[in-house]
Amino acid sequence: MTQGANVEWLFARQRFGVHPGLERVRELLARLGTPQRNFEVVLVGGTNGKGSTAASLEAMLRAGGRRTGLFTSPHLTRLSERFVVGGAELPQGAVAAALDRVRPASEAVEASFFEVITALGCLLFAEAEVDLAVMEVGLGGRLDATNVLDPRLSVITNVALDHTAILGDTPGQIAAEKAGILRAGQSAVTAVAPDVLPILERQGADLWALGRDWAAQTRSLGWDGTEVGVQWPGGGTQLRTPLLGEHGGLNAALAAVAAARLGVPTPAIVQGAAQTRWPGRLEVLSRRGLTGQGGHRVLLDGAHNPAGARALAQALRPLLAGQGQERLPVIFGAAEDKDLAGVAAELLPLASRVILTRAALSPRAADPAQLAALFPGVPLERTETPAEALAALRPEEDLALACGSLYLLGELRPLLLGEQPESHERWQ
């Protein structure tokens, strides 16, 4: 069996969907020799901001001298993006070789795609001899595969409506699922709204909550990022992060509080915040590599639910105002099972025109023709591929926004960067 065949096998498992529960992944890890016991774990859950918070925390821990692993999902362009050790993405060959060893045990327990990915990350991190892994929760928390791990600290960013068919259709129901990553007596930090905080408190964790135990103030530095003042019990600091928007600054602050609880020195927290990089979330790339497009910019953001789109719009308005404009062209494509009307309503006031498209590799992608009704009153153009959408941008449009789906961004980024994308269908 070739390594390429194993990767094909793994991606094919996406079609079997999500199967919440911990029994299969627990058995899978046992068959692999319980690699997760070789390092400490931080679990990062929440509706939005999990990835940027996890990336910020990993950078702070690394600046503090820890040998770190970072596990995130989904990836944008390459499977190996999900597995980062010491700040560097693991080589694709190393990931494929480890998958060769994980596959037989995965087949034996009938593990799902994400269960295989989680176990693969644990094996890779154990063999890389990391001492602490920051693990982003995949879906929910209570029954997510990552929750089989024993966290030293848990982080819950926020709670908003998303994946309602699986997690519930009220903030309270979703909060209860996400609270499952908390452990009685163990350290935890959160930035959830006060109305759902009591649901988290029922778990009995040693929980520091925004507005009660810690505080943060953000100040925009324009396109250069965000300045953040953060205070926690017994300490605090001023830091700068390249993450844009108030929500980006708040995610950096949440990571700083988590790092402080893990004993990271304040100078390392400041250094790590400044060094954080998180692709595809308010990320600005040049169109320089596209024929005839000059050096104009595309702002990529993975906002795919109304709360995420609202945060994007709030961050973008002052940035646009700072360069004397109110609107910009928007490239939009999204999965058909999302609250598309809610997302579009947040984006519509920003759009000078909308270029509708779809992720070519995502069977879940909504037909661009079906998206047209979501954007009344602005000029529309329909395209069938991300490449066509980029080609539809005009030379005089100095800045464009591309958003709605991380899978769409995963196909746009390599076009902008001149990279070779994967060719697998994307479901998860």
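The values are calculated or read from the model by the stated rules, or taken from the named source; none is laboratory data. This structure is a prediction, so every number in the text was calculated from the model and none was measured. Here the Cβ is made from the backbone with ideal geometry for all residues, glycine too, and neighbour counts use every protein chain on show. With ligands, DNA and RNA removed, areas are computed over all heavy atoms of the protein, side chains included. Shrake-Rupley method; radii C 1.70, N 1.55, O 1.52, S 1.80 Å.
Before moving on, here are some points about what is shown:
- Added length on full extension, which subtracts the Cα-Cα distance from 0.36 nm per residue, VAL378 to ASP213: 54.9 nm
- Between GLN92 and LEU320, residue separation times 0.36 nm minus the direct Cα-Cα distance comes to 78.2 nm.
- In this structure, GLU396 and GLN238 have a Cβ-Cβ separation that, at R0 = 45 Å, corresponds to a calculated FRET efficiency of about 0.70.
- Centroid-to-centroid separation of region 235-287 and region 291-361 [C-alpha atoms, Å]: 23 Å
- A Förster radius of 41 Å, combined with the Cβ-Cβ distance separating THR34 from GLU336, puts the computed FRET efficiency at roughly 0.55.
- Theoretical ellipticity at 222 nm over the chain - DSSP helices of four or more residues, -39500 (n - 2.57) apiece, nearest 500: -11000 deg cm²/dmol
- Phi angles across region 5-15 convert, under the Karplus curve 6.51 cos²θ - 1.76 cosθ + 1.60 with θ = phi - 60°, into 3J(HN,Hα) values of 5, 5, 5, 4, 4, 4, 5, 5, 5, 4, 5 Hz, Gly and Pro given as x.
- Among 257-270, 341-354, 39-52, the peptide with the highest mean count of other Cβ atoms within 10 Å heads the list, and the full ranking is 39-52, 257-270, 341-354.
- Working from label points 7 Å from Cα in the Cα-to-Cβ sense, the ARG277 to GLN231 distance is 3.5 nm.
- Carbon/sulfur fraction of accessible area - the chain, other protein chains in place, 1.4 Å, %: 49 percent
- Restricting attention to the chain, close to 40% of DSSP beta bridges with both partner residues there are antiparallel.
- Working note: Karplus 6.51/-1.76/1.60 with θ = phi - 60° gives region 132-148 the couplings 8, 10, 8, 10, 7, 5, x, 9, x, x, 4, 10, 6, 4, 5, 6, 6 Hz, where Gly and Pro are set to x.
- GLU388 versus HIS424: modelled label distance in nm, points set 7 Å from Cα along the beta carbon direction: 2.7 nm
- Length gained when the stretch ALA369-GLU201 is fully extended (0.36 nm per residue, less Cα-Cα span): 56.0 nm
- Protection proxy ranking of 175-185, 28-38, 399-409 - average other beta-carbon atoms within 10 Å, highest first: 399-409, 175-185, 28-38
- Estimated distance in nm for a label pair at ASP224 and ALA345, the labels positioned 7 Å out from Cα along Cα-to-Cβ: 3.8 nm
- Averaged per residue, region 316-365 has 37 square angstrom of accessible surface, using a 1.4 angstrom probe with ligands and nucleic acids left out.
- The HN-Hα couplings worked out from phi for region 415-426 by the Karplus form 6.51 cos²θ - 1.76 cosθ + 1.60 (θ = phi - 60°) are 5, 6, 9, x, 9, 8, x, 6, 10, 7, 4, 10 Hz, whole numbers, x standing for Gly and Pro.
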